[in-house]
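S.K.: Pasting in a structure now, in structure tokens, and then I'll have a few things to ask.
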Amino acid sequence: MTDTTVHSQGPKWRIDKAWGALIIILALVAVFDRAQLWPTITFASDALWHTAPFITFAVLAVAYMKASGAETLLAKAFEGRQARMIVLAALLGGLSPFCSCEVIPFIAAMLALGAPLGAVMAFWLASPLMDPAMFLITSGTLGWEFALAKTVAAVGIGLMGGFATMMAARSPVFADPLRERKQSCGSCCSSNKPFEGTPLWAFWQEAPRREAFRRTAMDNALFLLKWLALAYVIEALMLEYIPADLVAQVLGGDGLMPIILGALVGAPAYLNGYAAVPLVDALLAQGMAQGAAMSFVIAGGVSCIPAAIAVWALVKPRIFAAYIGYAMLGAVLAGMAWQAVA
């Protein structure tokens, strides 16, 4: 039957929070320190230009993976012995371009069918910490060594959480993990349904896949542009207004405390994995310790809103608490390891 409902209300205009924040910040700079406005804009523009090759390659790579249906390979991580599942889940989570909330329907189905929580935990811990796009942007700004170390940390934390959960699977903490009512994730990623079946690497042979490539590339390009633009503007202002000696005093040094503080600060201060890179670069320039920088990006990456919602949406609070606990412990250990070798 034809829908004859008349909508009396006009279209609702919504300003994206990243673009809105960028406009507000620049407007405040123009009002309170007009002389700093143009240097801030040029700093952000130069940084975006420097990062453009990495962004372009990452956007095309992720779009190709989406259009070819490579997401179906994720199911391979949940087959066979549980130890094998955990290893594959940690590797796929740390190396694949699939965000945590994008695969919520798949993970929910696997949990409902009895997939081990240890394998799911390994994937959830590693997934928000690294992907090809984040690796390229991190390496272009913070160096290849930092990007490689973060990748190793992502997989390592996934393995730690996965095997710890497996060993404690019979405890009351991990019993009956699923919520009775599933919640949906936020709008942190595309809602497009993944292609099913065997991946088609020559995706251009099918029109729906070509459209998926175009749409995914556009969505990711705009996503990276808005968050990196905001992050580079914040970086410019941090370098201008935050005293270097203050950062060095709080987050500098070689002891354990800066690493712990980096993890504690990273959890609430994190924007997302891409926007965090310029912020960490600014903090390092101000005297932040290398170990604190690593603990900042690890703790913040796992606890940021998109990643946390992906877990909170499906499991009970005690499982979520274990997830956060693994993240904080892993962040401190990763910070200590990086501090020792950096």
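S.K.: Ranking 59, 297 by Cβ neighbours within 10 Å, fewest first, what do you get?
M.R.: Arranged by neighbour count, lowest to highest, 59, 297 become 59, 297.
S.K.: Can you work out ³J(HN,Hα) from phi for every residue in the range 213-228, in order, using Karplus 6.51 cos²θ - 1.76 cosθ + 1.60 and θ = phi - 60°, giving whole Hz and x for Gly and Pro?
M.R.: Calculated HN-Hα couplings, in order: 4, 5, 5, 5, 4, 5, 4, 5, 4, 5, 4, 5, 4, 5, 6, 6 Hz.
S.K.: Using per-residue counts of other Cβ atoms within 10 Å, averaged over each peptide, order 322-328, 126-132 from highest down.
M.R.: Going by the mean number of other Cβ atoms within 10 Å, highest first, we get 126-132, 322-328.
S.K.: Let me ask something else. Just to confirm a number: summing +1 for Lys and Arg and -1 for Asp and Glu over residues other than residue 22 whose beta-carbon lies under 12 angstrom from that of residue 22, what do you get?
M.R.: Its environment carries a net charge of +1.
S.K.: Counting only residues 5 or more places away or on other chains, whose amide H sits under 5 Å from the amide H of residue 315 once H atoms are built in the peptide plane?
M.R.: Answer set, sorted by chain and number: 179.
Every number in this text was worked out from the coordinates using simple rules, so none of it is lab data. In this text the structure is predicted, and so the values were computed from the model without any measurement. Positions of Cβ are backbone-derived with ideal geometry, glycine not excepted, and every protein chain shown enters the neighbour counts.
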